[in-house]
Amino acid sequence: MYVSFAYYSPGRFNKNITAIAKSQQTTPQQINYTNTSKMSLKHLSIGWKKYLKGAPDIEKGWNMYTNAGLGLLLGRVENSHSVGIDTALYAVPVLSGRGNFKRLTLDLGLGWEVPVGGDMYFYTEGKVWVPTTNYPSKYIFVNSNAPLLVMLSGGIRIIF
């Protein structure tokens with residue numbers, strides 16, 4: 001069994017977006033602007049690690065393993081628009097300001113590791129966190145199956 005917690009520093013994104021007028025009498029009918037977003041993530045995962053080749057405590061050779069679990073992805077988004085837009089007159093795809101979101105995830109991974117001496121192992125691992133729930137947030141531009149995270153990581157595992 002495994003338990004993991006991950007924290008990621010904020011990522012920054014820019015997207016050119018168009019706000020559409022809600023009424024035919026509004027002039028101009030659309031406003032083009034740039035939305036600048038900053039997103040930070042935290043993830044808690046609990047699951048099972050299964051060795052396909054080897055074992056967690058081998059002294060020679062290499063291991064291949066897979067893991068599967070359930071996770072909770074907590075996110076924070078901060079948006080700022082390049083121009084001020086009156087949301088009473090225009091429909092905007094994302095709101096300006098700060099908002100939080102959460103997603104339940106199916107966490108899948110495949111890894112490889114080799115002993116480097118003592119109870120230390122060098123590992124390389126690929127993971128994907130597939131969102132299983134969709135709680136729409138007006139601060140995220142794409143809400144369905146987002147964010148879909150794929151990672152490649154490596155490090156040292158130490159047995160205590």
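Remarks
- Seen from TYR139, the other residues with C-beta closer than 12 Å to its C-beta sum to a net charge of +3, counting Lys and Arg as +1 and Asp and Glu as -1.
- Solvent-accessible area, 1.4 Å probe, carbon plus sulfur percent, for region 1-52: 56 percent
- Radius of gyration and maximum dimension Dmax of the chain, Cα, Å: 21.6, 75
- A straight chain from SER9 to LYS60 at 0.36 nm per residue would run longer than the Cα-Cα distance by 14.7 nm.
The values are calculated or read from the model by the stated rules, or taken from the named source; none is laboratory data. Please read all numbers here as calculations on a predicted model, not as lab measurements. Note that each Cβ is placed from the backbone with ideal geometry, even for glycine, and that neighbours are counted across all protein chains shown. The accessibility values were calculated without ligands, DNA or RNA, using every heavy atom of the protein model including side chains. Shrake-Rupley method; radii C 1.70, N 1.55, O 1.52, S 1.80 Å.
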